[in-house]
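Input: a single structure, listed below in structure tokens.
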Amino acid sequence: MLLCPGLKHRWFFTSAKPGDLHTVLDLAKVADSILFLLDPLEGWDSTGDYCLSCLFAQGLPTYTLAIQGISGLPPKKQIDARKKLSKVVEKRFPDDKLLLLDTQQEAGMLLRQLANQKQRHLAFRDRAYLFAHHADFVPNEENNLVGTLKISGYVRGQTMNVNSLLHIIGHGDFQMKQIDAPMDPFPLNPKVIKSQKDSGMAMEICATDSVTDMEEDLKVLMKADPDRQESLQTEVIPDPMEGEQTWPTEEELREANDLLKERSKVVKKVPKGTSSYQAEWILDEDGESDGEEDEDDDVENEDFMAEESPDESSEEEEEEECETMTIGESVRDDLYDEKVDEEAEEMMLEKYKQERLEEMFPDEVDTPRDVAARIRFQKYRGLKSFRTSPWDPKENLPQDYARIFQFQNFTNTRKRVFKEIKEKDVEGAEVGWYVTLHVSEVPVSVVEHFKRGAPLAAFSLLPHEQKMSVLNMVVSRHPGNTEPVKAKEELIFHCGFRRFRASPLFSQHTAADKHKFQRFLTADVALVVTVYAPITFPPASVLLFKQNSNGMHSLIATGHLLSVDPDRMVIKRVVLSGHPFKIFTKMAVVRYMFFNREDVLWFKPVELRTKWGRRGHIKEPLGTHGHMKCSFDGKLKSQDTVLMNLYKRVFPKWTYDPYVPEPVPWVNSEISTVLPEMDMK
């Protein structure tokens, strides 16, 4: 803690452990200023550049760049070092100046800039938050593993209300019992306090030294009111009888039959004067062709095969021209193999193969031979148009949707909450006060984590932010990570002030009401990540990390929070493929899409398409081995592929966990942070 009465400021300096990325991000969430200390020769290394990428993605508070040690270089090299540093810094900080930090005078100039620079606004800080300077743990009498945590620090952001909930980063949400106001351990002007030792003040100071019940009553600012205190309920308790339906009445059955009859009516072109009985006997015209056209198609197919043969021969010639070379074995091969995890290598190779297949043949799957297609794909449906066909968002919801909360209008609720923050006078600890928060039912692991040197930061929650819902986040792939990331893999999220683990879904970012599911996190376009998580009001930054096999966390994507909307539909597409066997004018016999007659009849209403843009439908099955006669809007080519699109809605897995294990630290990280700057009024 550095007190500077001349500048009317005080600073608390702290630094993160080298390479401890989550600690750096947690400190940046509550820091008023970050002081980047640069190396006089290189500026920063690869680890420092990686930390800067994460900080920029999360939201960088006010910062200052300083060089330490440049005066120790020879005079001739100082100019070259400054030019080199200016080029390095210009990529990340184009409009910022470098300050020297080698003498007492330069340190004074740095403090003056820290005191006078304008504070940057971070949206997720529009609430009360606190960085712990001191923490005590009082275990419960019944259970020593849970107790009351006393956190002491300066209130920042907004007024701290004891009835609101408190989120401790990395540990979860808790309730507060009371807020105390102890003596400020770092008063900005202690001389004034000493000079005012009149009788009344002397008694008050003496009273702070003696621990009595009366003194405890005087120090309490607020106690929690059970009637006004926010509840810790995060999930809805579902009623198993809520989904039960009564037997339909005779009137409802009659209406259903009438509706079925209307849908079953077929419009046909018939001669004038034809009765409805006669119209039933009139058949649709099928444009079947004779055998001459079939022979012509066979000739075309033979010509096409003949045209392909030169290419195949040229490929064989290229293969013959290739040479083989013998490469000497490395001396250290045995030592290298000891560090290779063969199981992890096989899993990663399989992921790369799946990602490559997904790029070449998007959403295509093989029809199973051992299971009937009508059973394997019984949850899927066909759509006339993915964009315009209707789909009820309340249809066939999973059991987990009975546990979450949903807003009638999330945008209006968010506006109302933030409007109340600005206009409503909240009772509690004001900004800049040194207080002690009594947090109840906290596990002992929190204070153990703090005693090991990890920072302890707490944010006050806004209304509804403890409740679980479905969060949608827009993210883009980080260019520094190229490993395939499959949907529903466990990832580590930094969303605003929260940090948690979850298994997300990936989907396309479009303006439609249905969004296609993506099996992998692609690198070329922005995707939407969908997870079960506590409600967070945007704007909020999002960072996605993946834990590697060696324990390190690698940044895979960055973005922002889009919405809290359980009705956003993520639709998974499955493409079944078949091959034309016999081609007529507008008819074709297709095989290998299904392997029995019943499957063809089951999927007969679904529309077909081809890779070359034709559209059609199934007319009838042929035989018992899955061959089917299909009609199209034009003549097929023999090299075309017939496709059938099937769709179903998918939902994320409920794997939310607020506890994130400590990663293996990176090496050679040089980043220091400056934590809250307090103005005295």
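ILE67 fulfils the conditions (1) in contact (Cβ under 8 Å) with a residue 40 or more places away in the chain; (2) surrounded by 21 or more Cβ atoms within 10 Å (Cβ to Cβ) except for a single criterion, (1). Across segment 226-276, what is the total count of residues that are part of a loop (DSSP other than H, G, I, E, B) and at pLDDT below 75? The total comes to 19.
Would you tally the residues in segment 527-574 being of a type in the set (Lys, Arg) and in contact with a Ser or Thr (Cβ under 8 Å, 6 or more places away or on another chain)?
Here is the first cut: in segment 527-574, the residues of a type in the set (Lys, Arg) are 546, 568, 572-573.
Narrowing the set further to residues that are in contact with a Ser or Thr (Cβ under 8 Å, 6 or more places away or on another chain) leaves 546, 568.
Adding up the residues that qualify gives 2.
Just to be sure before I move on: is LEU99 part of a strand (DSSP E or B) and free of Cβ contacts under 8 Å to residues at least 40 places away in the same chain in the structure I sent? So LEU99 passes the test.
Would you pick out the residues in segment 488-502 that are closer than 18 Å to LEU543 by Cβ and either free of Cβ contacts under 8 Å to residues at least 60 places away in the same chain or in a loop (DSSP other than H, G, I, E, B) (or both)? Outline the logic, then answer.
To start, the set of residues in segment 488-502 that are closer than 18 Å to LEU543 by Cβ comprises 489-502.
Hits for segment 488-502 are GLU489, GLU490, PHE493, GLY496, PHE497.
Looking across PHE124, PHE174, one residue alone is closer than 30 Å to PHE537 by Cβ and in contact with a helix residue (DSSP H, G or I) (Cβ under 8 Å, 6 or more places away or on another chain). It is PHE124. A count restricted to segment 410-429 and to residues that are part of a loop (DSSP other than H, G, I, E, B) and modelled with pLDDT of 90 or more stands at 0.
Could you list all residues from segment 602-611 that are touching a helix residue (DSSP H, G or I) at 6+ places or on another chain (Cβ under 9 Å) and open to solvent by 60 Å² or more (accessible area, probe 1.4 Å)? Walk me through it before giving the result.
Applying the first criterion (touching a helix residue (DSSP H, G or I) at 6+ places or on another chain (Cβ under 9 Å)) to segment 602-611 yields 602-603.
Within segment 602-611, TRP602 is the sole residue that qualifies.
Within segment 396-427, track down each residue that is under 25 Å from the mean Cα position of the chain (by Cα) and more than 21 Å from PRO538 (Cβ to Cβ).
Taking segment 396-427 as the starting set, the residues that turn out to be under 25 Å from the mean Cα position of the chain (by Cα) are 396-415, 417-418.
Matches in segment 396-427: ASN396, LEU397, PRO398, GLN399, ASP400, TYR401, ALA402, ARG403.
Here is a list: ALA454, ALA458. Which entry is assigned to a strand (DSSP E or B) and of a type in the set (Gly, Ala, Ser)? Spell out the reasoning first.
Numbers: ALA454 fails: assigned to a strand (DSSP E or B).
ALA458 is the lone residue from the list that is assigned to a strand (DSSP E or B) and of a type in the set (Gly, Ala, Ser).
Quick check on segment 469-487: of everything there that is open to solvent by less than 10 Å² (accessible area, probe 1.4 Å) and not small (Gly, Ala, Ser), which residue is farthest from ASN409 (Cα to Cα)?
Within segment 469-487, the subset open to solvent by less than 10 Å² (accessible area, probe 1.4 Å) is 469-473, 475, 484-485.
With the extra rule that they be not small (Gly, Ala, Ser), the set shrinks to 470-473, 475, 484-485.
Details: VAL470: 14, LEU471: 15, ASN472: 16, MET473: 18, VAL475: 24, PRO484: 36, VAL485: 33 Å.
Result: PRO484.
The set of residues in segment 503-526 that are modelled with pLDDT of 90 or more, of a type in the set (A, V, I, L, M) and either more than 10 Å from the chain's Cα centre (by Cα) or not in a strand (DSSP E or B) (or both) contains only ALA526. Can you tell me how many residues in segment 612-628 are open to solvent by 40 Å² or more (accessible area, probe 1.4 Å) and not in a loop (DSSP other than H, G, I, E, B)? Residues meeting the conditions: 6.
Residues that are modelled with pLDDT under 85 and surrounded by fewer than 14 Cβ atoms within 10 Å (Cβ to Cβ) were ranked within segment 6-16; the one that is nearest to ALA107 (Cα to Cα) is GLY6.
Quick one: which residue in LYS83, LYS118, LYS91, LYS177 is open to solvent by 20 Å² or more (accessible area, probe 1.4 Å), without any contact (Cβ under 8 Å) to a residue 12 or more places away in the chain and within 35 Å of the chain's Cα centre (by Cα)? Steps first, please.
Values: LYS83 fails: within 35 Å of the chain's Cα centre (by Cα); LYS118 fails: without any contact (Cβ under 8 Å) to a residue 12 or more places away in the chain; LYS177 fails: without any contact (Cβ under 8 Å) to a residue 12 or more places away in the chain.
Testing whether each residue is open to solvent by 20 Å² or more (accessible area, probe 1.4 Å), without any contact (Cβ under 8 Å) to a residue 12 or more places away in the chain and within 35 Å of the chain's Cα centre (by Cα) leaves just LYS91.
Any residue in segment 388-403 that is among the small types (Gly, Ala, Ser), over 30 Å from LEU149 (Cβ atoms) and either out of contact with any strand residue (DSSP E or B) (no Cβ under 9 Å at 6 or more places or on another chain) or at pLDDT 90 or above (or both)? Within segment 388-403 (the criterion being among the small types (Gly, Ala, Ser), over 30 Å from LEU149 (Cβ atoms) and either out of contact with any strand residue (DSSP E or B) (no Cβ under 9 Å at 6 or more places or on another chain) or at pLDDT 90 or above (or both)), the answer is yes, since at least one residue qualifies.
Within segment 347-375, if we keep just the residues that are under 17 Å from LYS486 (Cβ atoms) and assigned to a loop (DSSP other than H, G, I, E, B), the residue that is modelled with the highest pLDDT turns out to be ASP363. Consider segment 17-38. How many of its residues are at pLDDT 85 or above and not in a helix (DSSP H, G or I)? Total meeting the criteria: 8.
Of LEU60, LEU41, LEU52, all but one fail to be in contact (Cβ under 8 Å) with a residue 12 or more places away in the chain, within 24 Å of the chain's Cα centre (by Cα) and assigned to a loop (DSSP other than H, G, I, E, B); the exception is LEU60. No other residue among GLY428, GLY453, GLY432 is touching a strand residue (DSSP E or B) at 6+ places or on another chain (Cβ under 6 Å) and surrounded by fewer than 16 Cβ atoms within 10 Å (Cβ to Cβ) apart from GLY432. Taking segment 378-405 as the range and being touching a residue at least 60 places away in the same chain (Cβ under 8 Å) and polar (S, T, N, Q) as the test, the residues that pass are ASN396, GLN399.
Looking only at segment 565-584, count how many residues are assigned to a strand (DSSP E or B) and either open to solvent by less than 10 Å² (accessible area, probe 1.4 Å) or closer than 14 Å to GLU395 by Cβ (or both). It would help to see each step written out before you state the result.
So in segment 565-584, the residues assigned to a strand (DSSP E or B) come out as 569-583.
Cutting the leftovers down to either open to solvent by less than 10 Å² (accessible area, probe 1.4 Å) or closer than 14 Å to GLU395 by Cβ (or both) gives us 569-571, 574-576, 578.
Going through segment 565-584 one residue at a time, the tally reaches 7.
The values are calculated or read from the model by the stated rules, or taken from the named source; none is laboratory data. On a predicted model such as this, the values are computed, not experimentally measured, just so you know. Positions of Cβ are generated from backbone atoms using ideal geometry, with glycine treated the same way; all protein chains shown enter the neighbour counts. Surface areas here come from the heavy atoms of the whole protein model, side chains and all, with no ligands, DNA or RNA. Shrake-Rupley method; radii C 1.70, N 1.55, O 1.52, S 1.80 Å.
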